[in-house]
Amino acid sequence: MALTTTEKLDITNIGLMLISGIVAMVLPFELFLFSYAILGPLHYFTEISWLHDRKYYTKERYDAIILIIIGLLMTLRFFDNFLEIDFPPGFDANLAYIALLCSVVFVTVKNKFYRIGGIILLIFSSQVSQHFYLFFSVFLPTLVHVYFFTALFMLYGALKSQSRFGILAVVCMVLCPILLAVIFPDRTFYAPTSYSMEAYNPFKVVNINWLQNVNGIEAQESMAAWDNIIFHSREGILLMRFVAFAYTYHYLNWFSKTSIIQWHKVPKVRFIAVIILWFISIGLYITNYAMGLQWLLFVSFLHVLLELPLNVTSIIGIGSYFKSRLFKPASA
């Protein structure tokens, strides 16, 4: 039986996962830094453009304004020491909580009265996020976004298309992190370079929180001790394999779907602007990695937040599919 376009794409994605996993096993830090600087900016700009043309998968186009404001506040929170702004403790977790649950409102509620009431209720209840601070402030905009939501998006697409290889691709997505942890777990193929360790410095908060709260590693007395664990220990390398794989495949999955989701079919002026911004971003990363990161921080936050309604839509779609299968209406 001939393969459909979707099935060919699923097979391609399985191959991209394997390639991402192999390179992540050998050069985890370098792969992450390369993917984040080269593939990341193009992904941010093209996805935001694509979401804009689809009204951000919300009931009202102006819903995106709220997510944009939250993204701006999260960016200001990141630069609070430089800007000398005193944000309340846990402010970033509050913002992520509001953005995530507001996205549920944006996707599911049409009545304006209920929408406004729901948003106000979420703002007043946002202190609940402090009980899940690490999830909302550290993991939601990073690993949950690039791995968990990507897997859900793939599953939703596989269920809709009924592709023979779609579910297999999702299974591979689940298996890859496991294989990265069990294949040569005590082998460091290439130690990270001094440039890689310096460039990775802004991202270490994710590794530290994961190693401390998931792996159970005790808090260290100095950053030098943490650096030794992150860059040279077995636990640190295995975690970085997963991080590098998750980010790299997240970007590759997006670009592999170009022929299906048609993110490149936008007005020429906008497409040219996207390419120019992409080249500027790459130039800044090459000149100074920290400068490139600061330049794109707002766009990075923004693409995570604006994608949340799509993530909610995927979850609802998956639930509806299984509900229709489990609770089929009785025949007459």
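What follows is calculated from the coordinates using simple rules that are stated; it is not laboratory data. From a predicted model like this one, the values you see are computed outputs, not experimental measurements. Positions of Cβ are backbone-derived with ideal geometry, glycine not excepted, and every protein chain shown enters the neighbour counts.
What does the extension gain come out to for MET223 and HIS52, with contour length at 0.36 nm per residue minus their alpha carbon separation? Display every interim value, and only then the final one.
Working: separation 171, 0.36 × 171 = 61.56 nm, distance 4.12 nm.
Contour length minus the Cα-Cα distance gives 57.4 nm.
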According to a simple spin-label model (label point 7 Å from Cα along Cα-to-Cβ), what is the distance in nm between TYR321 and THR75?
3.5 nm
Residues of segment 172-211 with amide N under 18 Å of the 7 Å Cα→Cβ point at LEU134:
203-211
Going highest first, how would you order 50-61, 173-184 by mean Cβ packing within 10 Å?
50-61, 173-184
Count charges around LEU302 for me, please; just the other residues with Cβ under 15 Å from its Cβ, Lys/Arg as +1, Asp/Glu as -1.
-3
Whole-number percent relative contact order across the chain, with pairs defined as alpha carbons under 8 Å at least 6 apart:
39 percent
Using a Gaussian network model of the chain with C-alpha springs under 10 Å, which one of ALA37, ALA225, ALA151 is most mobile by mean-square fluctuation?
ALA225
Under the Karplus relation 6.51 cos²θ - 1.76 cosθ + 1.60, θ = phi - 60°, what is the ordered set of whole-Hz ³J(HN,Hα) values for segment 217-229, x standing for Gly and Pro?
6, 5, 4, 9, 7, 9, 5, 4, 5, 5, 4, 4, 6
Using a 10 angstrom cutoff on alpha carbons, build the Gaussian network for the chain and name the most mobile of ASP86, ASP186, ASP63.
ASP86
Provide the gained length on full extension for the span PHE271 to GLU198, in nm with one decimal, where the gain is 0.36 nm per separating residue minus the Cα-Cα distance.
22.9 nm
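Check each of the trypsin sites (Lys or Arg not before Pro) in segment 140-241 and keep only those in coil by DSSP with at most 11 other C-beta atoms within 10 angstrom; list them in order.
Of the trypsin sites (Lys or Arg not before Pro), the ones in loops of segment 140-241 whose Cβ has at most 11 other Cβ atoms within 10 Å are ARG187.
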How much length is gained if the chain between LYS110 and PHE189 is pulled fully straight, taking 0.36 nm per residue apart and subtracting their Cα-Cα distance, in nm to one decimal?
23.1 nm
Can you give the relative contact order of segment 146-275 as a percent, counting alpha carbon pairs under 8 Å and 6+ residues apart?
27 percent
Can you list the lysines whose alpha carbon is less than 28 Å from that of LYS265, not counting same-chain residues fewer than 8 positions off?
LYS8, LYS55, LYS59, LYS160, LYS257
Could I have the simple spin-label model distance between VAL182 and THR5, label points 7 Å from Cα toward Cβ, reported in nm to one decimal?
3.8 nm
Taking the mean number of other Cβ atoms within 10 Å as a proxy for protection, how do you rank 3-9, 23-29 from highest to lowest?
23-29, 3-9
